[in-house]
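Only one structure is covered here, and it is reproduced in the block below.
The values are calculated or read from the model by the stated rules, or taken from the named source; none is laboratory data. Note that the structure is a prediction, hence the values are computed from the model and not measured. A quick note on method: Cβ atoms are made from the backbone with ideal geometry, for glycine too, and the neighbour counts reach across all protein chains shown.
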Amino acid sequence: MTLQNLCPSIHHFPRPATAWAVAGIFVLLSLPACGQSRVIEVLADKNSRFKVTGQNRPEIIVKAGESLLLRIEARKGKTWSRDGAVHGFTLLHAKTRVKVPGWDLELMPGTQEFQLTAPSKPGEYEVLCTVICSDDHEGMHMKFLVLP
């Protein structure tokens, strides 16, 4: 059985063009969707430490302007804020200590997702917890690097 027997109208296209068309479809289907966000999973743990899935030492590395889906699981520490937030996730420019707009997040117990865009300016940033979550709160930070 040939391809022309299965689809009689196929004889209108040259065979090499058909093969290239089929190959092109497979290539397009294997590529990630345009505009799809990269998922980064973070644990804001009860011991007042950030943890990134698959890393011993937490650090996030992104490209400038990259679309991100930040999936954060927050576990209640020894203390929390009045509104129920158990941790904060605030991004600061490392040199100036200025907050990055849109990156001042309050984390409630459980898993939350945040659709964000990485800063457009490459450089070193720092993530800080902004909710006093325990006596070890000051140690709850991690490096955030933005590449060109």
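Data overview
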| read-out | value |
| --- | --- |
| Pick from segment 23-55, criterion among the hydroxyl-bearing types (S, T, Y) and assigned to a loop (DSSP other than H, G, I, E, B), ranking: modelled with the highest pLDDT | S37 |
| Test: residue in segment 49-65 that is farther than 18 Å from M142 by Cα and of a type in the set (V, I, T) | no |
| Verdict on F89 being touching an Asp or Glu at 6+ places or on another chain (Cβ under 9 Å), of a type outside the set (V, I, T) and assigned by TED's automatic domain parsing to the domain that holds N47 | yes |
| Every pair of residues 6+ apart whose Cβ atoms lie under 6 Å, when the first sits in segment 83-106 and is without any contact (Cβ under 8 Å) to a residue 40 or more places away in the chain while the second is assigned to a loop (DSSP other than H, G, I, E, B) | G84/M108; V100/P119; E106/A85 |
| Hits in segment 56-96 (condition: in a loop (DSSP other than H, G, I, E, B), among the polar types (S, T, N, Q) and within 21 Å of G110 (Cα to Cα)) | T79, S81 |
| Among (1) at negative phi; (2) out of contact with any Leu (no Cβ under 6 Å at 6 or more places or on another chain); (3) surrounded by fewer than 17 Cβ atoms within 10 Å (Cβ to Cβ) - the single one R38 does not satisfy | (2) |
| Residue tally, condition assigned to a loop (DSSP other than H, G, I, E, B) and either charged (D, E, K, R) or without any contact (Cβ under 8 Å) to a residue 24 or more places away in the chain (or both), over segment 131-145 | 2 |
| Extreme residue, farthest from N56 (Cα to Cα), among residues of segment 107-148 that are modelled with pLDDT under 95 and of a type in the set (D, E, K, R) | D135 |
| Criterion violated by G65 - all others in (1) at pLDDT 95 or above; (2) surrounded by 14 or more Cβ atoms within 10 Å (Cβ to Cβ) satisfied | (2) |
| Checklist (1) closer than 16 Å to S37 by Cα; (2) of a type in the set (F, W, Y); (3) touching a Cys at 6+ places or on another chain (Cβ under 7 Å) applied to F114, failing item | (3) |
| Residue check, R82 basic (K, R) and either within 18 Å of the chain's Cα centre (by Cα) or surrounded by 13 or more Cβ atoms within 10 Å (Cβ to Cβ) (or both) | no |
| Residues of segment 125-147 satisfying the condition of being exposed (fewer than 12 other Cβ atoms within 10 Å of the Cβ) and either more than 24 Å from A64 (Cα to Cα) or over 17 Å from the mean Cα position of the chain (by Cα) (or both) | D135, E138 |
